[in-house]
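The values are calculated or read from the model by the stated rules, or taken from the named source; none is laboratory data. Not measured: the values here are computed from a predicted model. Cβ atoms come from the backbone with ideal geometry, glycine included; neighbour counts cover every protein chain shown.
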Amino acid sequence: MLRRLFPWRFLLRLAAKRFQVIDPLMVAARIRSFAQPSEVQEPIELLRAGIVFHARGLLNTKAIQHNLDWVWPYWVERQFNPDDSSFIPRAFSFSHINLTHRNWTAIGLPDLPLYPIVDPRGLVTPLYDGWSLDCWFIEDQGVVLCPSRMDSVDQYLIDDSSRAVVTRAQAGNTTLTTKASLSITDGQPTLHLSADAESTGSGWLIFSLRPYNPEGVQFIERAALLEKEDGWLVNDEVVIRLHAPPNKYLFSDYRSGDVFFHLDQQQSASAKTCRIGMVTAAACYRVEPGKTRPDYQLDLALPEPTGQDNRAVTTSWPEAQKNTAQLQIPDRHLQFLHDTAVRTLIHLSAGDVIPGPYTYNRFWFRDACFMLNALLTIGLKERCRRHLDTFADHQTPTGFFHSQDGEWDSNGQVLWFLNRFRLLAGDLFNPDWLDPLRRGADWIATKRRQENGDERTRGLLPPGFSAEHFGPNDYYYWDDLWAVAGLQAAADTLAAMNRGKEAAAVGEEAAAMRDDVWRSIRLVTAEKANRALPISPNRRLDSGAIGCLVADYPLQLLPAGEQQMMATADYLFANCLKNGCFFQDMIHSGNNIYMTLELAQVYLRAGDDRFRPLLEAAALLASPTGQWPEAIHPLTGGGCMGDGQHGWAAAEWLMLLRNMFIMEEDQSLVIGRGVLPHWLTTGQPISYGPTLTPYGSVSVALTGNGQTTDVTVTGDWQPHRPQTISIELPGHNPALLNPSDTSCTIARKT
């Protein structure tokens with residue numbers, strides 16, 4: 001009460017006038033006037049994250065631009081270079097942040113929620129949001145291999161029994177190769193970083209402590225040599241052990257400059273402290289051609305996740321994915337991206353389901369539902385159940401499935417996915433989920449009745465914040481379409497679980513909201529020449545319209561190829577593509593892979609071949625390690641928004657490839673609609689499965705000879721076989737698979 005009575009506004013305005021600065025309340029009011037009035041202007045969770053993000057950006061302004069002779073991470077070496085396409089002038093930039101090369105790859109184990117990351121030049125950040133380790137080779141004849149300063153390196157992912165990132169830098173006959181991996185060693189999660197150099201001349205191979213990471217400065221206030229073994233103690237907490245004793249150790253602080261400047265020195269110091277937090281250090285090994293070399297490797301024991309029993313950790317990637325759907329196609333790159341995406345989703349669901357290992361290392365219902373849907377579809381139903389058991393922990397007493405304040409899409413997403421799990425996993429559905437499901441449906445019903453405005457917004461969810469970055473707070477059809485689908489899904493689930501009275505009530509609410517949403521859409525589109533849907537009743541057509549496609553994929557609220565959905569997709573295809581992928585103008589200001597693939601799904605479902613160039617363009621924008629950032633800079637090809645390894649993008653990649661082989665429609669399965677035509681002329685086996693569907697676990701195998709294609713569809717048909725199985729291979733005559741058959745031969749069109 002006292003806080004409300006205290007004259008904050010008066011005092012702020014008085015202070016602004018006293019110090020002759022602009023009135024902050026007037027500015028805030030002007031900013032908010034661009035949005036619809038809403039109960040939450042900006043989620044406090046995002047404000048906190050933004051403050052931390054730009055606090056580092058402010059530190060970067062002081063640390064980097066005055067010290068450009070230091071060896072900096074790859075993004076700095078590019079973004080601060082006026083000769084590079086990544087260059088961004090800094091004169092009026094409030095903070096200096098990575099806007100051009102937000103790319104990294106997490107290494108780790110399937111059931112271990114630890115995510116050391118490796119950047120595009122091999123810089124390793126072992127701890128979450130921590131400092132980093134780099135490797136260099138300095139040849140006596142003048143060749144300097146600092147990968148972050150090099151125009152190009154080779155980097156690739158090793159996905160066998162472990163997951164490792166290898167980076168190879170080369171200049172002439174000199175090569176530096178590093179490998180970062182993680183294992184359980186003596187019961188302890190341990191990061192391993194090894195290095196080797198090949199050269200015709202002598203030189204120094206160097207492990208270096210770096211006070212930064214792919215976001216910018218991260219402090220090292222003290223580094224000291226270990227007393228009884230080779231290695232460092234960093235910030236009096238983290239132990240790094242070297243396998244072999246270096247020829248020399250070097251230290252430096254901020255005032256003395258980067259340790260890189262002192263590599264020709266000898267030092268006797270055993271520690272270095274820097275009050276600014278910019279200690280750098282080097283462990284230097286003398287490398288002579290033709291001589292036996294020690295094991296150039298360091299190990300760093302990682303803190304164990306809270307409550308984690310590492311004896312129960314699945315340490316083998318093949319074991320973790322042995323029950324997943326398998327893809328076999330004659331395209332090595334698409335195959336690699338598929339297999340990598342499977343492991344990315346497994347890794348990012350080791351603890352909470354998180355959409356990224358670094359910037360987005362936190363739980364959101366929205367990302368979780370998309371990612372879990374992909375994991376469920378490829379067969380990991382036990383993993384999905386484990387996560388669904390935690391969803392009620394995030395539900396408020398009012399029934400809101402809370403990711404962050406002011407967003408209204410999460411309840412619809414949770415209700416939809418709970419029903420999806422029931423349909424695909426059947427007997428694993430937990431009856432304890434029903435009460436949270438019903439409360440979630442009631443929350444939607446209550447929330448939407450707060451809106452009794454004009455005909456265009458009555459019955460919609462109120463204006464909300466859009467973390468999907470559709471624009472300022474508004475009435476977003478994205479939220480409403482999810483709510484309609486969620487209510488109908490909740491009604492279906494309640495009915496299937498013999499709670500008929502509740503099912504009827506929720507079903508009536510779903511029908512009423514559907515009527516309100518489509519009344520609003522009819523009124524809005526009637527005012528426009530184009531039948532495409534804007535993202536809000538208050539908006540013209542723009543790239544935000546991508547959010548309306550959710551009515552088609554994945555929700556299937558409308559028939560395939562429905563006129564307004566196709567008009568919306570066509571508008572986006574004609575006006576919002578850059579480099580062949582969807583370009584999101586709002587916030588992202590980059591190519592967005594997961595939205596590109598959602599657009600492709602709409603075309604695939606409609607039988608429109610335009611899904612193919614979208615698929616191919618997305619594949620071209622993947623990193624060498626098979627990852628996509630949330631958004632991609634149209635000129636540099638590097639990440640410009642969000643996490644550098646985006647789980648939602650991986651999920652959409654898996655779902656598109658799956659639906660190209662096996663697509664669910666009402667009471668039917670469509671087989672092979674998206675199979676690329678040239679695959680069928682190679683004579684090589686093509687297959688996908690087993691994938692979970694509402695009709696059980698299903699697999700498809702195709703063998704073509706150029707004239708005909710043999711199609712085999714196998715399923716356990718639980719609870720029953722679909723009414724129809726339609727074979728729709730490109731360039732072939734369509735056919736229906738007879739109920740008594742598992743295979744057929746389809747002729748090419750003449």
### Message
Looking at 589, 536, 543, can you tell me which residue is among the hydroxyl-bearing types (Ser, Thr, Tyr), more than 24 Å from residue 374 (Cα to Cα) and out of contact with any helix residue (DSSP H, G or I) (no Cβ under 8 Å at 6 or more places or on another chain)?
### Response
589
### Query
Residues 683, 626: which one is part of a loop (DSSP other than H, G, I, E, B) and closer than 24 Å to residue 372 by Cβ?
626
### Task
Would you list the strands (runs of 3 or more DSSP E) that sit entirely within segment 169-240 and hold 3 or more residues that are closer than 25 Å to residue 360 by Cα?
174-185, 188-198
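When the residues of segment 585-595 are narrowed to those that are within 14 Å of residue 618 (Cβ to Cβ) and out of contact with any Cys (no Cβ under 6 Å at 6 or more places or on another chain), which ends up surrounded by the fewest Cβ atoms within 10 Å (Cβ to Cβ)?
594
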### Summary
Taking segment 328-350 and the residues there that are closer than 20 Å to residue 390 by Cβ and part of a helix (DSSP H, G or I), the one that is nearest to the chain's Cα centre (by Cα) would be 345
## Note on the structure
Being over 30 Å from residue 718 (Cβ atoms) and touching a Pro at 6+ places or on another chain (Cβ under 6 Å) narrows 456, 448 down to just 456
### Message
Being outside any helix (DSSP H, G or I) and without any contact (Cβ under 8 Å) to a residue 60 or more places away in the chain is the filter here; which residues of segment 368-402 pass it?
### Response
380, 389, 390, 395, 396, 397, 398, 399, 400, 401, 402
### Query
Quick one: how many residues across segment 196-208 are surrounded by fewer than 23 Cβ atoms within 10 Å (Cβ to Cβ) and closer than 25 Å to residue 224 by Cα?
3
### Query
Among the residues of segment 371-399, which ones are hydrophobic (A, V, I, L, M, F, W, C) and over 12 Å from residue 421 (Cα atoms)?
371, 378, 391, 392
### Message
Are there strands (runs of 3 or more DSSP E) fully within segment 700-750 with at least 3 residues that are touching a Leu at 6+ places or on another chain (Cβ under 7 Å)? List them.
### Response
708-715, 724-727
### Message
Could you list, ordered by first residue, the pairs with Cβ atoms under 6 Å in which the first is in segment 200-216 and closer than 16 Å to residue 99 by Cβ and assigned by TED's automatic domain parsing to the domain that holds residue 128 and the second is part of a strand (DSSP E or B) and among the β-branched types (Val, Ile, Thr), at least 6 apart or interchain?
### Response
213/125
## Note on the structure
Checked segment 738-750 for anything surrounded by 14 or more Cβ atoms within 10 Å (Cβ to Cβ) and closer than 23 Å to residue 609 by Cβ; matches are 746, 748
### Message
Of everything in segment 135-160, what is surrounded by fewer than 16 Cβ atoms within 10 Å (Cβ to Cβ) and either out of contact with any helix residue (DSSP H, G or I) (no Cβ under 9 Å at 6 or more places or on another chain) or part of a strand (DSSP E or B) (or both)? Give them in sequence order.
### Response
140, 141, 142, 151, 152, 154, 156, 158
### Query
If you take the residues of segment 465-474 that are surrounded by fewer than 24 Cβ atoms within 10 Å (Cβ to Cβ) and of a type in the set (Gly, Ala, Ser), which of them is nearest to residue 524 (Cα to Cα)?
471
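If we keep just the residues of segment 161-184 that are at pLDDT below 90 and farther than 13 Å from residue 118 by Cβ, which is surrounded by the fewest Cβ atoms within 10 Å (Cβ to Cβ)?
Among those that are at pLDDT below 90 and farther than 13 Å from residue 118 by Cβ, it is 161.
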## Note on the structure
In segment 687-699, residues that are among the aromatic types (Phe, Trp, Tyr) and in a strand (DSSP E or B) total 1
### Query
Can you name the condition, by its number, that residue 112 falls short on among (1) part of a loop (DSSP other than H, G, I, E, B); (2) buried (at least 24 other Cβ atoms within 10 Å of the Cβ)?
(2)
### Summary
Among residues of segment 268-327 being part of a loop (DSSP other than H, G, I, E, B) and among the charged types (D, E, K, R), the residue modelled with the highest pLDDT is 275
### Message
Here's a check for you: in segment 351-395, which residue that is surrounded by fewer than 23 Cβ atoms within 10 Å (Cβ to Cβ) and hydroxyl-bearing (Ser, Thr, Tyr) is farthest from the chain's Cα centre (by Cα)?
### Response
390
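Residues checked against (1) closer than 16 Å to residue 419 by Cβ; (2) touching a strand residue (DSSP E or B) at 6+ places or on another chain (Cβ under 6 Å); (3) in contact (Cβ under 8 Å) with a residue 40 or more places away in the chain; (4) surrounded by 15 or more Cβ atoms within 10 Å (Cβ to Cβ):
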| position | (1), (2), (3), (4) |
| --- | --- |
| 495 | yes, no, no, yes |
| 498 | yes, no, no, no |
| 509 | yes, no, yes, yes |
| 520 | no, no, yes, yes |
| 527 | no, no, no, no |
### Message
Here's a check for you: in segment 709-735, which residue that is loosely packed, with under 15 Cβ neighbours inside 10 Å and over 28 Å from residue 380 (Cα atoms) is nearest to the chain's Cα centre (by Cα)?
### Response
731
### Task
Report whether or not residue 129 is surrounded by fewer than 20 Cβ atoms within 10 Å (Cβ to Cβ) and over 16 Å from residue 211 (Cα atoms).
no
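So that you can scan it fast, the table gives a plain yes or no per residue for (1) over 18 Å from residue 645 (Cβ atoms); (2) in contact with a Leu (Cβ under 7 Å, 6 or more places away or on another chain):
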site	(1), (2)
78	yes, no
90	yes, no
98	no, no
106	no, no
109	no, yes
112	no, no
116	no, yes
### Message
Give me the residue from segment 409-453 that is assigned to a loop (DSSP other than H, G, I, E, B) and at pLDDT below 95 and, out of that set, surrounded by the fewest Cβ atoms within 10 Å (Cβ to Cβ).
### Response
452
### Summary
Selection from segment 84-107 of residues surrounded by 18 or more Cβ atoms within 10 Å (Cβ to Cβ) and either over 15 Å from residue 191 (Cα atoms) or at pLDDT below 95 (or both) yields 86, 96, 97, 98, 99, 100, 101, 102, 103, 104
